Amino acid sequence: MTRTDTPPAWDERTQLTTFLDYVRDTARAKCADVSPENAVKAPLPGSPLMTLCGLISHLRWVEFWWFQVVFLGEELVGPLADATEDDPDPEMRLAVATPLAQLLAEYEEQSARYRELVAAHDLDDEADRPVRDGLKVNLRWVILHVIEETARHNGHLDIVRELLDGVTGD
């Protein structure tokens, strides 16, 4: 896998989409060649949901939430629809029952759909649903938020992977 954060052009859209793909590719790279057993282990005692499978599932469903539910206004389905105060991250808990290779493939398929979605809309297009404070964000904000969230969880993937089998990398 070749990853780059250097865009082929310097317009805003290309820079944003290049960084989004870069952080997505980094998440996938953090999972390369991990054993199926390690993919479901939670090495941090205080974070029982912090597995490689759980984090990839979380990233997939975070993008679903922001692009499909918030931006497009579609109905909330899947594990996030079952979130409760007692179980706020069912997508992470349930992920250990799914092979990491499948989770990564679903994440990549979804990423391809969202690349098309982003290409088909103006960065200033407003989301159909408001965010927590009642404001309606635009597509630019959604992309930036997904970049931030993915980059933050890449740090978690990096720590979990190092604790599991000593593999480190950029």
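Only helical DSSP H runs with n ≥ 4 go in: add -39500 (n - 2.57) per run for the chain, normalise by residue count and round the 222 nm mean residue ellipticity to 500 deg cm²/dmol.
When only DSSP H runs of four or more count, the value is -17000 deg cm²/dmol.
For residue 125 and residue 148, compute 0.36 nm times the residue count separating them, minus their Cα-Cα distance, and round to one decimal in nm. Display every interim value, and only then the final one.
Working: separation 23, 0.36 × 23 = 8.28 nm, distance 1.98 nm.
Gain on extension, residue 125 to residue 148, equals 6.3 nm.
If you average the sequence gap of Cα pairs under 8 Å that are 6 or more apart and divide by the length of the range 67-133, what percent do you get for the contact order?
55 percent
Pick out which of 47, 35, 111 has the largest mean-square fluctuation in a Gaussian network model of the chain, springs linking Cα atoms closer than 10 Å.
Its mean-square fluctuation being the largest, the pick is 47.
Using a 7 Å offset from the Cα along the Cα-to-Cβ direction at both residue 159 and residue 102, what is the distance between the two label points in nm, to one decimal?
Label at residue 159, label at residue 102, 2.9 nm between them.
Would you give the gap between the C-alpha center of the range 22-55 and the C-alpha center of the range 106-146, rounded to a whole Å?
So the separation of the two Cα centres works out to 25 Å.
Over the chain, what lengths in whole Å, largest first, do the semi-axes of the equivalent ellipsoid take, defined as the square roots of 5 times the eigenvalues of the alpha-carbon gyration tensor?
27, 21, 13
Could you give the dipole magnitude of the range 72-170 about its Cα centre, charging the beta-carbon of Lys and Arg +1 and that of Asp and Glu -1, in debye to the nearest 20?
160 debye
What dipole magnitude, in Debye to the nearest 20, does the chain give about its Cα centre under +1 on Lys/Arg Cβ and -1 on Asp/Glu Cβ?
320 debye
How long are the semi-axes of the equivalent ellipsoid of the range 10-63, defined as square roots of 5 times the Cα gyration tensor eigenvalues? Whole Å, largest first.
28, 12, 8
Provide the net charge surrounding residue 38, with neighbours chosen by a C-beta distance below 13 Å and charges set as Lys +1, Arg +1, Asp -1, Glu -1.
Result for the local shell: -1.
Between residue 4 and residue 115, what is the label-point separation in nm under the 7 Å Cα-to-beta-carbon projection?
Taking the simple label geometry, residue 115 and residue 4 are separated by 1.4 nm.
Just name one of 130, 19, 142: the one whose Cα is farthest towards the positive end of the charge dipole of the chain (beta-carbon charges, Lys/Arg +1, Asp/Glu -1).
Comparing the listed Cα positions along the dipole, 19 ranks first.
Which far-off residues, 5 or more places away or on another chain, put their amide H under 5 Å from the one on residue 138, with H placed in the peptide plane?
127
Would you mind calculating the relative contact order of the range 45-170 from Cα pairs under 8 angstrom and at least 6 residues apart, reporting the percent as a whole number?
Here the relative contact order equals 32 percent.
For residue 13 paired with residue 32, estimate the spin-label separation in nm (one decimal), with each label point 7 Å from Cα along the Cα-to-Cβ line.
3.1 nm
Taking just the alpha-carbon atoms of the range 120-170, what radius of gyration and Dmax come out, in angstrom?
16.2, 44
Rule-based calculations on the coordinates, nothing more; no lab input. The shown structure was predicted, so the numbers you read here are calculated from the model rather than taken from an experiment. All Cβ positions, glycine included, derive from the backbone under ideal geometry; neighbour counts span all protein chains shown.
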